[in-house]
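Since the structure comes first, as structure tokens, the remarks are kept for the end.
Bear in mind that the values in this text are calculations on the coordinates, not laboratory data. Quick caveat, the model's predicted, so the values are computed rather than measured. In this analysis, Cβ positions are derived from the backbone assuming ideal geometry, glycine residues included, and neighbour counts consider all displayed protein chains.
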């Protein structure tokens, strides 16, 4: 079958808006075994597709570029970047906020949608969570390397020492350390916990000794017993509960880096909700950017259906509108607040030396998502993929506009200056994409891309005991299908 | 030593490289083009070792014998000499002299190495103030590019020579002198009585020797003008403290004028708006100068028209008829001055109406001021203009009140470069000695001095560097730095100032006096003995001591201790009046764009080109570093589509060069300006290739105002290293800057001030009552450090910036880093142009860390590297800083500086000797900023403790405060109600910069007051704020 991004086949269209019809979440007449076969098959193929090799070669080179740039940075000093006196934060911080933002979709899908019983999340949550982890890794890199003396960066952590020197708890940067640190930890736990039953499946199907050992260790001795399932469900629910406030808190705290300062253009109370909306917006766009090609290349269109994509697009539309509204509010408040410095900061954004960046941002973030009102666009993968890319660009520029334009022209006109990145800045940013995609490719190759155990619960076959609806039920009844089917295997198949 | 090498191989047949063996072109080229740089010099580490030896000797000697300087030999530092404590600072008074400027200074020396220059507080002409050049001189001492040994050159091959060989050569030339060989000397202007004495003896022993004195921008025109009205070989010196009205005709009294420090002090004393005798300054100039920006009125006028302005002023004064003695003026008009010609020339200006109004105002002011008027004429003006100023002074009765002639015999009229060139070209010179001058670089190109120079068969250069002249000479003798040499100088007030070494010469150098002594004296004397011998001629001051030898000895010690011996100006022999001078005023100066070549306020005439502090110092007006640029008016730039950095080809009738453009608001229409002192080719690693050499545009007459210049765009553009944004920015930014400037650097007129003494407070932003987010600390217990900066007397002279750089070991980052906005100066001087771009009001505002009580930098630092001290200082713990730069982002004054690189990477061990040991050298990746000179605070605290007394007001003097020539900066304990700073902060004019942010800064500014003439439209004082409606109930003002 030729790989297409489009779902021309009517068979795959489950985007009907008719409320009397229940749209199935898995198409293609899959049964439980074929789900396992399909998902595990991607990992078990002895040879991944040639495209995978080409892709990972390319991304590995980019990753090497990243590490090369970091080495050069550490050897020479922060001066290799384009920073100057008024603009103390440049691309590194822009990239940090950008990547942290991307990392938001994972937790949102895993935690909030889980608690809200949005069953359609099951097909995309694993992928989104993985993406979160990788994005947070990329994000965490930048604040660490942007400091002047990276060799003492551990002073940001409250490590007990004989001099009783503590970090300054009033500093938003310290809050950042905790917020991002917590977020990374909880996301990782959540992702891994959810993956345990699926890794056990891989372990059971493993043919080579290495695979058996590695997956065996990773599966933490999962046998699929009722007790395991019971504890697993409890843990998953608890982690979801823990992660939910984090979705809101992380980017709120990141926004405090700006909002708590007094730089005109940063010092504004709208930042926390605005940043969170923006983060979800960009996170979903990045999930989409990865998912649309992945479902085509790995034959997952029946699991990640148009219905899923459409739902994501609706979220993008909602959060994108919030972001657009926030832009308008900022301008209104800048005028209404009567603070001349703030008023100038916003006028300068839109019409000053960085107007080009501002209008790229507005075009990508405000205009682009509005196209998702059109159903055709919302349900046509190649169009939505282009829009996702635009959203990603727009959200990077949003952070650039906030960070750089505000700093470049603050209170004293004598200190105004223009900031421009150096080649090192640009290559470091491109390199971070290398790292991100390398991790994504490794994930695709070695771990189950879809949450098999969870997908099975939303298939009609899981509900043969007389329930009429495949949706709208409690997630935790996963043991029922295995029982009713009389399947006594020890795995969670 | 081999002067000539005929054979390709060395005398022993050895060769150092294949290239040499084969006589390769590159090798010969290298040998010919330049002296082999550091060929057989000790490696850098050894120079440090050598330094330490020298250092220990000088400490030992200084400690043992006070100011005496006996035998110069190395004494090992086996035992600590009595009275010497390691690490204790010792201060010695000495004197610098450059370009006719005599600067009595006090140099601090740590463990034998001089590191900081301050003005001599005892000397009436300095009172502790020092200009940027004096302060930066200390860096020249440790310049790694200084010439370290003598070189001889024959047939283009340079060979190193030992001091003994130099002695031999000098002895040979002495013999030649005695035989009557034709020897010429070219020396920089100097007031040194010892040198004068030596020159007198030279003329006695060698009738065929000729002595020429020349330096760029010397006072020759002024001396000619002064002598033509019968006042002798002299120039004008001013007492601005007595002046009610000052008319500055391009003289830049407060900036590049030879007496700038004295002038600035006198000016400042009369600028107190509360004293009721505030002076008024009118400035007429083409190119914006320090004085122009400090003036109450500045009128942009081309240099060639300034004479006409003065003629009109003179005519009007005569017509008013209330003059003491108008005979001289009447004579002038009778014998050639023509007011009609002058009127015609002024009327041709685009701003003629305004200039005529200005002339009326000036005449009005001069009439009222009478004897208390001062008119200063720039050195580039023709002699007749200077003469006319003297006649006006005479007529007003101002001579020997506000202005007096001071001897300028070092600028004797018949000894200039033109005559020397003629003599050289005529083959009248066999041997020429160039003493501490660099004519190959700074002679006017039209003179073609280099080709004339080559005609002398023996050319001996004595200088600090192997500069352009050294390259063209047959011998180069390295000169001792002024901090290594003995000498003397005469200040304009007649006091004889001592030049004494603080350190043994670091290299095999000798002073000009020593070189001259070898040529002139039968028994050559050392510098010390020369000065001492000369001193013996001076009458001892204390006549109560009977024994003349003892009296002399006591006087000598006092001389060295104080750094000077008070005296009266030598009487000036009157000259005959030469009425012919007036005729020259009729000469037409040509038309078209006029180019003014001006001395640089940083590298002066190029002698400081290799001084990194000065190269990186932002120019007061353009804020340009590391370059000179062609300044064009805003109107010209708009008309021709020029922008900052556009490279243009400047063509005069004789030559041309390419230079980048800077658009300069306030530049007179129809003129352009270019600073001299750049485009050096052999200055050293700092100064080579910086900027373009303005002298290449000067004709053989040496005129620095060139008419009929053509500018032509080349289409190229370069990035200029400027520390402030360019004048021409986007429209919105421009408008916002215009809007904000009046609330930042606040100013008003004298009448406004009298009506509303607290006007300054109302020029800020309206804001609701301010509430702190944090619980505020209690700062009621003293001492609580605070500063006040009076914008009223700040002239933007940069002395504070350099003082801070020297005191606090502030690194130089280089041109490239400045273009990236990474200069490190802890103190900067913000400059704002407000109003009409042709005639803008210019405001200066020195900004350093304000030590905010509610410092926004402190709360955001994640590691607590910047904290508040109990004395209200915002302190930095450098070794705790991880370098997040968040503090700098959050600092509204943008005074924090980040070490983007290790800016000391390239530093040689010799350079590192210039560091102040009391201040940490910051490493890469940490933030730094002004500390209110915390090391000086601690020093004062320890001193007070040692003396068992509480600290008193005036104990702590910050570096910037100490050096400020106008004493615009005050510092002290705010809890002391009698402290000067407390009073300053309670002044009506005091305000907080960005007070609306509730930062509670400890540094406050005092608004500037201008004193405009009532008849002239009120100067565009910052109209911001809100005039009269400052009653707005709950609204507070910042």
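Could you state the orientation-averaged shadow area of the convex hull built on the Cα atoms of the range A:165-314, in nm² to one decimal? Don't skip to the answer; put the middle values down first.
Numbers: hull surface 55.1 nm².
Computing the convex hull of the Cα atoms and averaging its projections yields 13.8 nm².
Projected area of the range B:214-310, taken from the Cα convex hull and averaged over every viewing direction, in nm²?
Directional mean of the projected Cα hull area for the range B:214-310 stands at 6.8 nm².
Could you grab the Rg to Rh ratio for the range B:734-1023? Cα atoms only, Kirkwood for Rh.
Numbers: Rg = 19.6 Å, Rh = 20.3 Å.
Dividing the radius of gyration by the Kirkwood radius yields 0.97.
Could you state the orientation-averaged shadow area of the convex hull built on the Cα atoms of the protein assembly as shown, in nm² to one decimal?
Values: hull surface 269.4 nm².
For the protein assembly as shown, averaging the hull's shadow over all directions gives 67.3 nm².
Taking beta carbons within 10 Å but only from partner chains, what does the mean come to for residues A:404-413?
Values: counts 0, 0, 1, 5, 1, 6, 6, 10, 15, 14.
Per residue, the average neighbour count from other chains is 6.
How much length is gained if the chain between residue B:939 and residue B:91 is pulled fully straight, taking 0.36 nm per residue apart and subtracting their Cα-Cα distance, in nm to one decimal?
Values: separation 848, 0.36 × 848 = 305.28 nm, distance 1.48 nm.
Taking residue B:939 through residue B:91 to full extension adds about 303.8 nm, to one decimal.
Using a Förster distance of 22 angstrom, determine the FRET efficiency expected from the C-beta separation of residue A:242 and residue A:314, and round it to 0.05. Numbers along the way, then the final one.
Working: r = 27 Å, r/R0 = 1.20.
The formula returns an efficiency of 0.25 here.
Mind giving me the FRET efficiency for residue B:912 and residue A:446? R0 is 51 Å, r the Cβ-Cβ distance, nearest 0.05 is fine. Working shown, then result.
Details: r = 55 Å, r/R0 = 1.08.
Efficiency for this residue pair is about 0.40.
How many Cβ atoms of partner chains, on average, are near each residue of B:849-862 if near means within 10 Å of its Cβ?
Numbers: counts 0, 0, 0, 0, 0, 0, 0, 4, 0, 3, 7, 10, 6, 17.
The mean count of partner-chain Cβ atoms within 10 Å per residue comes to 3.
Kirkwood hydrodynamic radius for chain B: how many Å is it when counted over pairs of different Cα atoms?
Values: mean 1/r = 0.0332 Å⁻¹.
About 30.2 Å, per the Kirkwood formula over Cα pairs.
Subtracting the Cα-Cα distance from 0.36 nm times the residue separation, let me have the gained length for residue B:335 to residue B:726 in nm, one decimal. Show your work: numbers first, answer last.
Details: separation 391, 0.36 × 391 = 140.76 nm, distance 4.86 nm.
That works out to 135.9 nm of additional length.
Can you give me the C-alpha center-to-center distance between the range A:361-430 and the range B:460-505, rounded to a whole angstrom?
61 Å
Using the basic label-point model (7 angstrom from Cα toward the beta carbon), what is the residue B:127 to residue B:578 distance in nanometres?
In this crude label model, residue B:127 to residue B:578 measures out at 3.8 nm.
Give me A:286, B:379 ranked fewest to most by other Cβ atoms within 10 Å of their Cβ, as a rough exposure proxy.
Working: A:286 28, B:379 22.
Ascending Cβ contact count within 10 Å gives the list B:379, A:286.
Which part of the range A:244-258 falls in the paramagnetic zone of residue A:325, meaning amide N under 12 Å from the point 7 Å along Cα-to-beta-carbon?
Under cut-off, by backbone N: nothing.
Please give the peptides B:957-969, A:443-455 ranked by average Cβ packing (other Cβ atoms within 10 Å per residue), highest first, as a rough proxy for protection. Can you show the working numbers first?
Values: B:957-969: 25.2, A:443-455: 21.9.
Highest mean packing first, the order is B:957-969, A:443-455.
Could you put B:681, A:379 in order, starting from the residue whose Cβ has the fewest other Cβ atoms within 10 Å?
On the way: B:681 13, A:379 19.
In increasing order of surrounding Cβ atoms, one gets B:681, A:379.
What distance in nm separates the simple spin-label points at residue A:189 and residue B:867, each placed 7 Å from Cα in the Cβ direction?
Spacing of the two 7 Å Cα→Cβ label points: 3.4 nm.
Taking a label point 7 Å from the Cα of residue A:423 along the Cα→Cβ vector, which residues of the range A:32-76 have an amide N closer than 13 Å to it?
A:69
Please grab the % of Cα pairs in the range A:40-174 that end up more than 21 Å from each other. If you can, show how the numbers build up before the last one.
Values: 5628 of 9045 pairs.
The share of Cα pairs beyond 21 Å in the range A:40-174 comes to 62 percent.
Averaged over peptide A:142-149, how many Cβ atoms belonging to another chain are found within 10 Å of each residue's Cβ?
Numbers: counts 0, 2, 0, 0, 3, 9, 13, 10.
For peptide A:142-149, the averaged partner shielding equals 5.
If one takes the longest principal axis of the Cα atoms in chain A, at what angle in degrees, from 0 to 90 and to the nearest 10, does the Cα axis of helix A:172-205 lie?
The answer is roughly 20 degrees.
Please compute the volume of the convex hull spanned by the alpha-carbon atoms of the range B:566-699 and report it per residue in Å³. Let's see the in-between values first.
Values: hull volume 25.2 nm³, N = 134.
Spread over its residues, the Cα hull of the range B:566-699 gives 188 Å³ apiece.
Helix A:226-259 against the longest principal axis of chain A: what's the angle in degrees, Cα atoms only, rounded to the nearest 10?
The angle comes out at about 20 degrees.
Per residue, how much space in cubic angstrom lies within the convex hull of the C-alpha atoms of the range A:114-155? Display every interim value, and only then the final one.
Numbers: hull volume 3.6 nm³, N = 42.
Once divided by residue count, the hull of the range A:114-155 is 86 Å³.
If contacts are Cα pairs under 8 angstrom and at least 6 residues apart, what is the relative contact order of chain A in percent?
31 percent
Would you please put B:183-191, B:705-713, B:592-600 in order of how densely packed they are, using the mean number of other Cβ atoms within 10 angstrom per residue and starting with the highest?
Working: B:183-191: 23.9, B:705-713: 18.3, B:592-600: 22.2.
Most protected by this proxy first, the peptides run B:183-191, B:592-600, B:705-713.
Between the range B:651-714 and the range B:560-594, what's the alpha-carbon centroid distance in Å?
26 Å
How do B:996, B:118 line up, fewest other C-beta atoms within 10 Å first? Kindly include the intermediate steps, with their values, before the conclusion.
On the way: B:996 20, B:118 23.
Ranked by crowding around the Cβ, least crowded first: B:996, B:118.
What share of Cα pairs, in percent, lie more than 21 angstrom apart in the range B:222-407? Present the calculation step by step, with values, prior to reporting the outcome.
Numbers: 7496 of 17205 pairs.
Here the long-distance tail beyond 21 Å is 44 percent of all Cα pairs in the range B:222-407.
How many times 2.2 N^0.38 Å is the alpha carbon radius of gyration of the range A:32-484? Walk me through the numbers on the way to the answer.
On the way: Rg = 23.0 Å, N = 453, 2.2 N^0.38 = 22.5 Å.
My calculation over the Cα atoms of the range A:32-484 gives 1.02.
Could I have the simple spin-label model distance between residue B:946 and residue A:373, label points 7 Å from Cα toward Cβ, reported in nm to one decimal?
8.1 nm
Arrange the peptides B:861-873, B:219-231, B:558-570 so that the one whose residues have, on average, the most other Cβ atoms within 10 Å appears first.
Details: B:861-873: 20.3, B:219-231: 24.0, B:558-570: 18.5.
In decreasing order of mean packing, B:861-873, B:219-231, B:558-570 become B:219-231, B:861-873, B:558-570.
What is the calculated FRET efficiency for residue B:713 to residue B:655, with r their C-beta to C-beta distance and R₀ = 22 Å, to the nearest 0.05? Let's see the in-between values first.
On the way: r = 19 Å, r/R0 = 0.85.
It comes out at approximately 0.75.
On C-alpha positions alone, give me the angle between the axis of helix A:91-102 and the longest principal axis of chain A, in degrees, nearest 10.
30 degrees
How large is the helix-only mean residue ellipticity at 222 nm for the protein assembly as shown, computed as the sum of -39500 (n - 2.57) over DSSP H runs with n ≥ 4, divided by its residue count, in deg cm²/dmol to the nearest 500? Walk me through the numbers on the way to the answer.
Working: 50 runs with 600 residues, N = 1531.
Taking each H run of at least 4 residues, the total per residue is -12000 deg cm²/dmol.
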